[in-house]
Structures are given as C-alpha cells and as structure tokens.
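Read the structure below first, then the notes.
The values are calculated or read from the model by the stated rules, or taken from the named source; none is laboratory data. Since we're looking at a predicted model, the values are computed, not measured. Note: ideal-geometry Cβ built from the backbone for every residue, glycine included; neighbour counts use all protein chains shown. All accessible areas refer to the heavy atoms of the entire protein, side chains included, with ligands and DNA or RNA removed. Shrake-Rupley method; radii C 1.70, N 1.55, O 1.52, S 1.80 Å.
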Amino acid sequence: MNERAIYRRLRKLRDQLTPPPGFSWPEISDGTLVMMMSPRPRHRLTAKRIVQQLDPQLPEELLAFESTDTDDEALGKLRIPDIHVSTAAAMDTEEPLDPREIVLAIEIVSPSNPENDYEDKTRDYPAMGIPHYLILDPRDGTWTYQWDIDVSEGRPAYANRLSKQPYSEPVKIATDLGTWTIDTTDLPRYSAKDMYQE
C-alpha cells in the first residue's frame, strides 16, 4: 500500500472518529494519527493575542486564522496549525486548506509534546510548501522563526532560522507580501500546573 492510500485510509478513520475527552482532532503524519491534548487556556490566549496583532498589519486580502486543517495527500500529511495566514478566498472550501495557500504558520508549543512542533512540523511544513514558520514556546518564553525553503539537501527544509529568542524580542516576519511584527513581551507563560507539575 502506497503513502497516498495509507493517508486516505487514515483520513477516513479520522473523519469517523470522535476525539476522547481532553483531546483535539488528530493530525496525520508518517502514516499515523497524531493525537494531542486539547489546548489549555494560556495556549488559546496566546493564539488570540497573536491574531489580534497580525490582522491589522496584513494586506487586505490576507487574514490570520486559528486551528484549520491543511493537508497534502501526496505527502500523506494533515496538519492543524495553531494560527496561519492565508487569503479568505483560500478558506472558502469544503476540503482541508491547501498548504501552498499558507504564507505563515504559527505553532504554540504544547507542554505534552514539544517535539511535534520543533521536529515533526519543522520537517513537514517546508515539505508542504509553507514558506514561514514561527514557534512560540510558553514553557520558557522564547520563539523560533524559520523561513526560506531550500531543497539543496535532497528534501525541502528551512534554510534560515532564528532559535530560542526571548519573548522580550519582537519577531519580524519578512514575506513577499509585507513585513509583520509580533510583540511577544506580554505573551503568557505556562505555570507549573500547565506543565503538569503540581
């Protein structure tokens, strides 16, 4: 069975699934369903503050959206960025969003599975054609920004990266459609309870 057939089978299974209490809809990558715990309030607060900052800066045709399915059947991947920037026209669809319509994907690191954002999506997003990827990490109050897809190593990967910059430093996202600044100073950080430490 090829990757596309495996993906279609997993999509069918996902469409029939009701996530158990405390879990979000699963993503699909590397032939498996990726289950994540539902975001905690500080995670959602971070997302809301980022959307509120981005929307006024974006050109008229672009908007920031939260938690939208995007998939690439040929790669066998379905991902759900915490936030993405795309056109409203691209979102007017019954199918998952085409990842090549996404200008910027943003993930807010989950305490339960940070590797999904730092490793798996750092691999999947350039392969899916998403040119800019920002990771916000409320665990330690840092951000990581990756951009400029390069295929010189035999697979798509981000050629440029700013790693583990403190929340006190603003993020400047320079795209073909404009440069947008995100102020991270007042973004919430996870508490010990958020980090599952009583």
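If you go through region 1-31 one residue at a time, how many are out of contact with any Phe, Trp or Tyr (no Cβ under 9 Å at 6 or more places or on another chain) and open to solvent by less than 70 Å² (accessible area, probe 1.4 Å)? Break it down into steps so the answer makes sense when it comes.
Taking region 1-31 as the starting set, the residues that turn out to be out of contact with any Phe, Trp or Tyr (no Cβ under 9 Å at 6 or more places or on another chain) are 1-13, 15-16, 18, 20-27, 29-30.
Filter once more, so that each one left must be open to solvent by less than 70 Å² (accessible area, probe 1.4 Å): 5-7, 10-11, 20, 22, 24, 26-27, 29.
Residues in region 1-31 being out of contact with any Phe, Trp or Tyr (no Cβ under 9 Å at 6 or more places or on another chain) and open to solvent by less than 70 Å² (accessible area, probe 1.4 Å): 11 in total.
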Which of the residues spanning region 126-144 are open to solvent by less than 10 Å² (accessible area, probe 1.4 Å), hydroxyl-bearing (S, T, Y) and over 19 Å from K77 (Cα atoms)? T144
Within region 127-140, identify whether any single residue is modelled with pLDDT under 95, outside any strand (DSSP E or B) and not hydrophobic (A, V, I, L, M, F, W, C), and answer yes or no. no
Test each condition in (1) closer than 15 Å to A105 by Cβ; (2) in contact with a Pro (Cβ under 6 Å, 6 or more places away or on another chain) for M35 and report the one that comes out false. (1)
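Does at least one position in region 140-157 carry a residue that is small (G, A, S), closer than 25 Å to Q52 by Cβ and in contact with a Lys or Arg (Cβ under 7 Å, 6 or more places away or on another chain)? Walk me through it before giving the result.
Restricting attention to region 140-157, the residues satisfying the condition of being small (G, A, S) are 141, 152, 154, 157.
Remaining after also requiring closer than 25 Å to Q52 by Cβ: 141.
Now restrict to residues that are in contact with a Lys or Arg (Cβ under 7 Å, 6 or more places away or on another chain): 141.
Yes: region 140-157 contains one or more residues that are small (G, A, S), closer than 25 Å to Q52 by Cβ and in contact with a Lys or Arg (Cβ under 7 Å, 6 or more places away or on another chain).
Among the listed residues A74, A47, identify the single one that is over 22 Å from D194 (Cα atoms) and not polar (S, T, N, Q).
On the way: A47 fails: over 22 Å from D194 (Cα atoms).
Just one listed residue meets the conditions, A74.
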Given (1) closer than 20 Å to S29 by Cα; (2) modelled with pLDDT under 95, S152 misses just (1)
Subset of region 151-180 (residues that are in contact with a helix residue (DSSP H, G or I) (Cβ under 8 Å, 6 or more places away or on another chain), at negative phi and exposed (fewer than 13 other Cβ atoms within 10 Å of the Cβ)): R155
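Condition check ((1) in contact (Cβ under 8 Å) with a residue 12 or more places away in the chain; (2) farther than 15 Å from Y125 by Cα) across all residues:
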site: L10; (1), (2): yes, yes
site: P20; (1), (2): no, yes
site: A64; (1), (2): yes, yes
site: L97; (1), (2): yes, no
site: S110; (1), (2): yes, yes
Scan region 128-148 and report the pairs whose first residue is within 13 Å of Y167 (Cα to Cα) and whose second residue is in a strand (DSSP E or B) and among the aromatic types (F, W, Y), with Cβ atoms within less than 6 Å and a gap of 6+ or a chain change. L134/Y145; L136/W143
Which of the strands (runs of 3 or more DSSP E) contained wholly in region 37-125 include at least 1 residues that are open to solvent by less than 30 Å² (accessible area, probe 1.4 Å), within 30 Å of N2 (Cα to Cα) and among the basic types (K, R)? 77-79
